[in-house]
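These notes are about the structure you will find just below.
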Amino acid sequence: MAMLMRIPHPERPCDASRSAAATIGRFVLVVLVAMALPGCRGCFQPDLDPAARKKEDEEKPKEKPKPDFDVGRLQILLRDEDSTRNLVKAGHWMTASQQMRANNFDFHAELESAATDRSRTPVPVRNTAFRLTAVRPVALPKGQTRDLETTFFIPDVPPRGDIASPATIWLRNTLRARRGGREVHGADEPTTAMPAYQYFFVVLADDPDRYGYLKRLDSIVPPVVGEGDLAESTMHYRVLLPPADRRIPVPSQGLTWTPIAYVLWDGLRPQLLSPDQQQAMLDWLHWGGQIVVSGPASLDLLRGSFLEPYLPALAGEAVQLRGEDFDEFNRGWSLAGTRNKAAAALVVPADKTLVGVRLQPHPDAVAVPSTKGLVWERSAGAGRVVVTAFSLSDRPVLNWASFDSFFNACLLRRSARVFRATPEGELGVQWVDQPGFALMRDGRFVTGLRYFSRDAVAKVPEPLPTAAASGQVQVAGWNDTSEVSEAARQALREAAGIAIPEAGFVFRVLVVYLLVLVPVNWLVFRTLGRVEWAWLAAPVIAIAGAVVVVRLAQLDIGFARSRTEIAVLEVQAGYSSAHLTRYTALYTSLSTAYDFRFERDAAAMPFPHRVPYTPGPQESIADVTLRRDRQLMLSGFQVASNSTGFVHSEQMQDLGGSLQLTGTDAADWSVRNGTPLLLQDTGVLYRTADGRRDLAWIGSLEPAQTVTLRFRPAESAGDYLAKAGEEARQTLGRLLELACSDAALSDGDVRLVAWTDQPLPGLEIRPQASQETLRTLVLVHLRRGPRPPPQRDRNLRLDVMDPSDQPAVPR
């Protein structure tokens, strides 16, 4: 093979001289650089002997070994950065997060979470003999920090003395090795229980600091409530201003959104919310959550997002808003008679404008009165979205003396207020339509979130009861003592109880057994000529008779495992996700540990047999586990022999379709069943604008069926029950009464009431019962009546107190 060689060309003498000079220069440069380099002990010094090298290594400072685990503080996901403690809401499920890192090895573990007492023992579920612990698997790769989310049920703990002394609730996370269960870390975190009337106000903004002023609005923190020694400051909302980084700290489960009353959205990219967080927000919205969208930048960001189908308006072209654009605002919402005349109106300086947007309203949206089309609102189920054409953080808006009145009435949609001085000279505030300082601590005026199984009669009655006046009304929280829970408990006790066999059953079995054992046995072997064999057959007949008697008793009294379930399915018109509440009774003849497996995220815990209930001195407290993995599973629910155990569970269930009301008015309304459910004893209730009750009876409503409604006057809930079948009245009678009650309907509401015996998906119980009785009340909110027009406050706080005492609003 030929080799390629480079052959130099002959050089001229001058070129050779230059080349030699260049070579000498490079050599000198290399020598100089080498002299400047530090010496190398390994090259210019002899090697140390092993003893000297060992001594040198020992004299070197040693690195401190890292601990096996670094664990951060347990923090509630919805947290107030200004509070030294985590804030929790008793009676609600809440999501918490904790950072953990394994430093020296990969670690597979389980994280146990529970509300505990001071002895680190999980708090028993109220009125039951069970303790509940949540468990989730954990994988900690070496050197990687992970944010671990877990869910706590916050128990009801009585406050210390009065409302001014909130109770302390302890939460504990325990990290255990998956194999062997060795505890590697455990810590208790003290938390402060929020008052029953207090909820969260979450700001989702690209620059949340611009909304720090919310924490000082009277709508958020009303002035002194009460009179004399009972006077005290209160706070309706804890304003949360989470940073708009890559991870938005809001729950990803709809049932853990119940402590939130409002969300203010301004400039946040919706893609920052995970799909689970988006679905959770929509579920919360349809059951009464309210979203305030501050324009104009937000509307462009929300176009095409998960919230667009529910927005009252989209953004058109940008506009410059001048002082005259707010003249209608001032006529409708600026309060006259204030001492501070200069700030009475919303004023935009003549040399300035506000950046705004021309709103393109949705056909179902309604313009807020006296806003010149700059504020629109739209209902979504029981909830509401309101949008403004201007920013709620602009300086002229915040300088407006009547801004708090506008914020309370138009954006929060709460009742009008009146500011008054207490006999001691303190400033106080009351609702105009519900006078009394104490009623400012009623949660029904603070949040619009409602679930039928929890708040069936949460509508404010006339007059308000003493419990409401004390401010202890629980709204939207897990409720084992609600009207619906009590009705379900009574129905389960009657349907799942053990009945002693009647005397006729015992007599018939005894007669048949004696006939087979004596005369029939003797005749058979007498015919065969082997009468002596009758004695040998007697034990066999006795054993067979015992088996037959057991089987007959099983069929007569439910001796084998049985499942009886009373459920409530609450549906919003046109929305496929429904709130499903199950009250399950499990009877077993032999002691059995049951597992409840849920397809979607759910909440579950043992359900009291009776209220109040106190475990006996010899009764032990059992532990149940709510395990969150690929599925949610309530495991270890132990039912003793010949007894019945109750479980209460709730989940958001996708129906695979929706129910809708079509037509323009009551004369041509129709109902379409777009779900796979066969509805029985279906009736549609309509409360007219003048308060009259009408009923349209359908009977059976099949899947994909559309029925035209024909309304007739109805006197009371008894009109529906009179048409319902005997089976529905016996098993669901009290629940049907609650669904049809006047307290549950407002003027203009249209509600479908029915029931089904179809098994609903989403839950599997192991071991499976041989006998199952399932009855589900179906409640569909087909149409919501119009909201009453917003009303401005009667006066300003400046009309009652000296202007110098008015706290400044931060800019």
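Could you tell me whether segment 553-565 includes any residue that is open to solvent by 40 Å² or more (accessible area, probe 1.4 Å), at pLDDT below 85 and in a loop (DSSP other than H, G, I, E, B)? For segment 553-565, residues open to solvent by 40 Å² or more (accessible area, probe 1.4 Å), at pLDDT below 85 and in a loop (DSSP other than H, G, I, E, B): present. Summed over segment 678-694, residues that are of a type in the set (S, T, N, Q) and not in a strand (DSSP E or B) total 1.
Is it the case that segment 401-413 has a residue that's in contact with a Pro (Cβ under 8 Å, 6 or more places away or on another chain) and crowded, with 20+ Cβ neighbours inside 10 Å? Taking every residue of segment 401-413 in turn, at least one turns out to be in contact with a Pro (Cβ under 8 Å, 6 or more places away or on another chain) and crowded, with 20+ Cβ neighbours inside 10 Å. Considering the conditions (1) assigned to a loop (DSSP other than H, G, I, E, B); (2) touching an Asp or Glu at 6+ places or on another chain (Cβ under 8 Å), residue 609 is excluded by exactly one of them, (2).
Among all residues of segment 707-715, there is none that is buried (at least 19 other Cβ atoms within 10 Å of the Cβ) and in a strand (DSSP E or B). Pull up segment 594-622, narrow it to residues that are at pLDDT 95 or above and either open to solvent by 10 Å² or more (accessible area, probe 1.4 Å) or of a type in the set (Lys, Arg) (or both), then point me to the one that is nearest to residue 753 (Cα to Cα). Taking the candidates together, the pick is 597. Every test in (1) farther than 21 Å from residue 223 by Cβ; (2) modelled with pLDDT of 90 or more; (3) out of contact with any Lys or Arg (no Cβ under 6 Å at 6 or more places or on another chain) is passed by residue 479 save one, and that test is (3). Close contacts from segment 725-738, counting a first residue that is on the phi < 0 side of the Ramachandran plot and a second that is open to solvent by 70 Å² or more (accessible area, probe 1.4 Å) and part of a helix (DSSP H, G or I), with Cβ to Cβ under 8 Å and a gap of 6+ residues or different chains, come to 734/490; 736/729; 738/483.
Got a sec? Which of 270, 249 is under 15 Å from the mean Cα position of the chain (by Cα), surrounded by fewer than 23 Cβ atoms within 10 Å (Cβ to Cβ) and within 27 Å of residue 394 (Cα to Cα)? Break it down into steps so the answer makes sense when it comes.
Values: 270 fails: under 15 Å from the mean Cα position of the chain (by Cα).
Just a single option satisfies the conditions, and that option is 249.
So, residue 119, is that one of a type outside the set (Val, Ile, Thr), free of Cβ contacts under 8 Å to residues at least 40 places away in the same chain and surrounded by fewer than 21 Cβ atoms within 10 Å (Cβ to Cβ) or not?
Yes, satisfied.
Screening the candidates 452, 419 for the property of being closer than 24 Å to residue 332 by Cα and either surrounded by fewer than 17 Cβ atoms within 10 Å (Cβ to Cβ) or at pLDDT 80 or above (or both) yields one hit, 419.
Could you grab me the full set of residues in segment 209-224 that are of a type outside the set (Val, Ile, Thr) and either open to solvent by 30 Å² or more (accessible area, probe 1.4 Å) or part of a loop (DSSP other than H, G, I, E, B) (or both)?
Of everything in segment 209-224, those that are of a type outside the set (Val, Ile, Thr) and either open to solvent by 30 Å² or more (accessible area, probe 1.4 Å) or part of a loop (DSSP other than H, G, I, E, B) (or both) turn out to be 209, 210, 215, 216, 217, 218, 219, 222, 223.
Scanning segment 533-549 for residues that are open to solvent by 80 Å² or more (accessible area, probe 1.4 Å), modelled with pLDDT of 70 or more and farther than 26 Å from residue 560 by Cα yields 533, 536.
Restricted to segment 599-623, and to residues there that are in contact (Cβ under 8 Å) with a residue 12 or more places away in the chain and of a type in the set (Gly, Ala, Ser), the residue that is farthest from residue 634 (Cα to Cα) is 620.
Filtering segment 184-201 to residues that are buried (at least 21 other Cβ atoms within 10 Å of the Cβ), part of a strand (DSSP E or B) and among the hydroxyl-bearing types (Ser, Thr, Tyr) leaves 191, 199. Whenever a residue of segment 573-593 is closer than 29 Å to residue 561 by Cα and open to solvent by 10 Å² or more (accessible area, probe 1.4 Å), its partners that are aromatic (Phe, Trp, Tyr) and at pLDDT below 95, lying with C-beta atoms within less than 6 angstrom and at least six residues away or across chains, give the pairs 589/559.
Total residues in segment 176-198 satisfying the condition of being within 12 Å of residue 88 (Cβ to Cβ) and aliphatic (A, V, I, L, M): the figure is 2.
For segment 367-391, filtering for residues that are buried (at least 18 other Cβ atoms within 10 Å of the Cβ) and under 30 Å from residue 577 (Cβ atoms) leaves 15.
Taking segment 657-677 as the search range and keeping residues that are assigned to a strand (DSSP E or B) and aliphatic (A, V, I, L, M), which one is surrounded by the fewest Cβ atoms within 10 Å (Cβ to Cβ)? Only one residue fits best here, namely 661. Residues of segment 321-342 include at least one that is free of Cβ contacts under 8 Å to residues at least 60 places away in the same chain and within 14 Å of residue 388 (Cα to Cα). Taken over segment 280-297, the criterion of being at pLDDT 95 or above, more than 14 Å from residue 572 (Cβ to Cβ) and either assigned to a helix (DSSP H, G or I) or open to solvent by 10 Å² or more (accessible area, probe 1.4 Å) (or both) is satisfied by 280, 281, 290. Among the residues of segment 695-706, those identified as in a strand (DSSP E or B), of a type outside the set (Ser, Thr, Tyr) and open to solvent by 20 Å² or more (accessible area, probe 1.4 Å) are 697, 698. For the criterion of being surrounded by fewer than 19 Cβ atoms within 10 Å (Cβ to Cβ) and closer than 30 Å to residue 402 by Cβ, residue 718 fails.
If I ask for residues that are within 14 Å of residue 288 (Cβ to Cβ) and in a helix (DSSP H, G or I), which ones from segment 433-452 would you list? Quick ask: steps written out before the conclusion?
Step one: of segment 433-452, the residues within 14 Å of residue 288 (Cβ to Cβ) are 443-452.
If the condition is that a residue be within 14 Å of residue 288 (Cβ to Cβ) and in a helix (DSSP H, G or I), then 443, 444, 445, 452 are the ones that fit.
The values are calculated or read from the model by the stated rules, or taken from the named source; none is laboratory data. Small disclaimer: the values here were computed from a predicted structure and weren't measured. Every residue, glycine among them, receives a Cβ derived from its backbone with ideal geometry; neighbour counts consider all protein chains shown. We work out accessible area using only protein heavy atoms, side chains counted, and drop any ligands, DNA or RNA first. Shrake-Rupley method; radii C 1.70, N 1.55, O 1.52, S 1.80 Å.
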